[in-house]
Every structure is written in structure tokens, then in C-alpha cells.
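Student: The structure follows.
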Amino acid sequence: MTAFLQKTWLAITLAIATLPALGEQVVISEIMYHPKENLPEYIEITNITATPFDISEWSFTEGISFDFPAFSAANPENTILEAFSSIIITSSDVATFNEAYSLPPGLPIRGPWTGSLSNAGERITLTDKNGVDLCTVRYNDRGEWPVSPDGTGHSLVLANPDRNIDDPRVWTASTSSNPVPGGGIPSVAEEPFENPVINLNNGFTLIDYDSKWDYNDANTVTGTEWQSLDYDFSDQGWVLEEAVSNNGGIYGRETDPVIAPGIGTLIDISGASRSHAAYFFRKEFNYQGVSASGVSITLDSILDDGGHYYLNGNSLAGFGNVPANADPNFFAVGLDNAVEVLNLATTNGSSLQQG
């Protein structure tokens with residue numbers, strides 16, 4: 001990440017956290033997409049809340065097609081999904097399904113649906129009567145997905161209903177190769193899935209206030225190449241982070257008291273008579289987290305007077321009225337003293353790159 005500012009102090013913390021992948025209220029909790037011995041396929045949906053749901057005119061719109069009936073005052077139980085309960089939707093009629101799986105009559109089973117589930121994986125989506133997606137998952141028989149549900153008698157079972165279900169890490173294979181449809185969400189996954197790369201709630205700090213930066217205080221940087229990921233430091237005057245004189249921390253020069261943690265590296269502000277307005281900073285870091293679409297970036301900064309911040313050449317935020325790609329002689333709106341600005345930028349991870 002790079003920044004330039006008018007004078008005195010710069011320190012930055014850059015934090016990464018995954019966006020909360022909160023679970024749905026009604027989830028697809030079991031998928032039998034490739035049963036053995038030509039048994040009927042089925043999908044289980046589960047209400048994981050303490051509130052009953054009116055499921056009248058809900059529909060499966062991807063994978064298979066099935067419409068729940070409209071509400072009927074004569075048979076309201078046909079369109080109510082009770083709290084902490086499940087309904088099974090199947091490819092066959094209900095009587096055939098009960099006989100195939102040796103189930104007693106009277107269980108909450110609906111069918112038949114139209115179409116069939118792909119043995120190679122596909123997306124299944126449940127929508128409400130207004131066409132709003134309630135839950136969706138693209139299952140598969142390869143990659144991070146369990147392979148045993150593909151024809152050996154096992155079903156796919158949701159192992160963690162509290163997270164977004166469109167993630168192979170929250171699914172497992174049924175314990176038995178002859179599962180009882182509607183057996184419920186297991187308390188322990190038979191096939192453990194990989195832990196998230198980082199803590200999903202707390203995130204982690206990539207760059208802290210004590211980090212070392214490459215910096216240029218010589219007023220020799222021209223153009224915008226210095227912002228790019230593959231910049232070769234072709235402009236003269238850069239002090240790299242491994243230099244003996246580079247101690248990291250807050251970069252600046254000041255005779256008044258300095259906000260904690262204090263100045264760590266002195267920079268040349270000999271041009272403070274308005275002939276030297278801009279200072280340039282770069283920091284490379286190695287990102288090996290989750291995909292960029294699933295993270296949030298938060299930028300905090302200690303600075304006086306202003307600056308503009310970039311990530312891999314993309315503008316993140318400006319402070320002190322400093323626009324993106326400002327002229328090096330641009331002077332920021334002055335501050336009497338440096339301040340810590342929290343959440344100066346909070347944005348998605350679209351500018352991140354692995355490595």
C-alpha cells in the first residue's frame with residue numbers, strides 16, 4: 001500500500017477480516033443427489049429458528065422444480081414449517097418414497113418434484129412466494145466436497161447450520177450409507193472440513209503502526225508508477241525498509257510531543273518551506289487469506305497533515321482534502337497536531353491479490 005502526505009507524521013494500520021457469512025433461517029440441510037439402487041432422490045429443508053414459517057408458494061427454482069401449495073385454511077399444516085422442524089421434498093410420490101426408505105406414513109414429505117439432481121453437482125435454490133432467495137447451495141462431488149454421497153448411499157448433510165450453506169466446509173457425508181431421510185443435522189461431522197484461513201469474526205492485522213515502510217523524502221518521485229504493484233523504485237531517493245536508518249513506526253520529525261507510539265524513523269522535512277510538500281510511502285505484504293470477495297479492509301492512520309492511500313494502485317481514501325493522484329506540490333488542509341483516524345477507509349477486498 002502507498003501513501004503521500006504533506007509533512008511530519010505517518011503511521012498506518014491495515015486490518016483484514018472476513019465478512020460475516022451468516023446463516024439463513026431456513027436451510028437446505030440434506031441432499032441425496034445420487035442414491036444407490038435407484039432409490040428416490042430427496043432434499044431436506046430445516047427451520048433452525050424458534051419461529052414457524054408460512055411456506056405457502058415457496059419454490060425450488062434451481063436444480064429441481066417444485067412449488068409448495070398455496071395456503072389453505074382447511075389444511076394449514078401443509079404450508080407451515082414449524083420451529084426447529086424439517087420437511088423432505090422428493091423426486092417420487094410420497095407413498096413410493098415411504099416404501100423405498102421403509103418410512104411410516106404421516107411424515108412431512110412433499111413430492112414429486114420435476115427434474116432430477118445432477119450427479120456431478122449443481123446449484124439448488126429455494127425462494128419465497130415473491131421470488132426472493134431464501135437459501136442456495138452449489139454442491140459438488142469433487143474439490144472440497146465429500147465424495148461418498150456420489151452413488152455409495154451416503155447423503156450430503158449440513159454440519160454447521162449457523163454459517164452460510166453455500167460453502168463446502170460446512171457440509172459432510174452422512175454417517176451411514178443407508179441414511180434415514182430427515183435424520184437431522186449431526187452434532188459432529190464425519191468428514192471434517194478445513195478450518196477457515198483466518199478467524200471469521202476477528203480478522204487480523206496486516207500492517208501495524210510499528211511496521212517498516214519504503215519511503216521517499218527526497219522530492220524525486222514523478223508520475224503514478226510508484227503506486228503500482230510492480231514498481232521498480234526507478235525514482236531516486238527511496239529508503240527501503242531494510243535500510244539501517246529505517247526503524248519503522250511513525251515516520252516524521254517533530255519537536256512537540258508526539259502521539260503514541262512516538263516517532264520511530266526521522267524523515268527529511270527540509271522542504272517544509274512549501275517547496276517540498278509530498279512524501280511517498282510503500283509497504284509490501286503477503287496476503288494468503290480467503291478470496292478477496294469475502295473480506296473487508298479497514299484502514300486506520302496517524303497523520304498530520306493529510307495523505308492519500310492506495311492498495312495495489314487503487315485508491316482507498318484521502319485525508320486532509322488530498323485527492324487521488326494529487327500534484328506533489330499540493331498542500332493538505334493543515335492540522336495543529338497529528339491525530340489518529342480510525343476507519344479512515346472501510347472497503348471490500350477487490351484490490352487484494354493472493355501472495
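Student: May I have the convex hull volume per residue, in Å³, for the Cα set of the stretch 33-153?
Tutor: Details: hull volume 14.2 nm³, N = 121.
Dividing the Cα hull volume of the stretch 33-153 by its residues yields 117 Å³.
Student: Given the whole protein assembly as supplied and a 1.4 Å probe, what does the accessible area of ARG123 come to in Å², nearest 10?
Tutor: Rounded to the nearest 10, that gives 60 Å².
Student: I'd like the accessible area for VAL26, computed on protein heavy atoms only with a 1.4 Å probe and all protein chains in place. Round to 10 Å², please.
Tutor: 10 Å²
Student: Can you tell me, using C-alpha contacts under 8 Å and at least 6 residues apart, the relative contact order of the stretch 51-105 as a whole percent? Let's see the in-between values first.
Tutor: Details: 51 pairs, mean separation 15.8, N = 55.
Averaging sequence separation for qualifying contacts and normalising by length gives 29 percent for the stretch 51-105.
Student: Taking square-rooted eigenvalues a ≥ b ≥ c of the alpha carbon gyration tensor, is the stretch 74-127 rounded, prolate or oblate, where a/c under 1.5 means rounded and, failing that, a/b exceeding b/c means prolate? Mind dumping the intermediate values first?
Tutor: Numbers: a/c = 2.03, a/b = 1.26, b/c = 1.61.
It comes out oblate by the Cα gyration axes.
Student: Pop the C-beta distance of VAL341 and ASP162 into the FRET formula with R0 = 30 Å and round what comes out to the nearest 0.05. Show your work: numbers first, answer last.
Tutor: On the way: r = 35 Å, r/R0 = 1.15.
According to the calculation, E is roughly 0.30.
Student: Just to check I understand the Karplus step: with θ = phi - 60° and J = 6.51 cos²θ - 1.76 cosθ + 1.60, what whole-Hz values come out for the stretch 137-146, glycine and proline as x?
Tutor: In residue order, the calculated couplings are 8, 9, 7, 7, 10, 8, x, 7, 7, x Hz.
Student: So, one more: Report, to the nearest whole %, how much of the accessible area of the stretch 111-175 belongs to carbon and sulfur atoms, 1.4 Å probe, protein only.
Tutor: On the way: 1150 of 2660 Å².
For the stretch 111-175, the apolar C and S fraction of the accessible surface comes to 43 percent.
Student: What are the semi-axes of the equivalent ellipsoid of the stretch 118-157, taken as the square roots of 5 times the eigenvalues of the Cα gyration tensor, listed largest first and rounded to whole Å?
Tutor: Values: eigenvalues 123, 19, 13 Å².
Here the semi-axes work out to 25, 10, 8 Å.
The values are calculated or read from the model by the stated rules, or taken from the named source; none is laboratory data. Values in this document were obtained by computation on a predicted structure and should not be read as measured data. Counting neighbours? That spans all protein chains shown, and the Cβs are built from the backbone with ideal geometry, glycine included. In case anyone asks, the SASA skips ligands and DNA or RNA and just uses the protein heavy atoms, side chains included. Shrake-Rupley method; radii C 1.70, N 1.55, O 1.52, S 1.80 Å.
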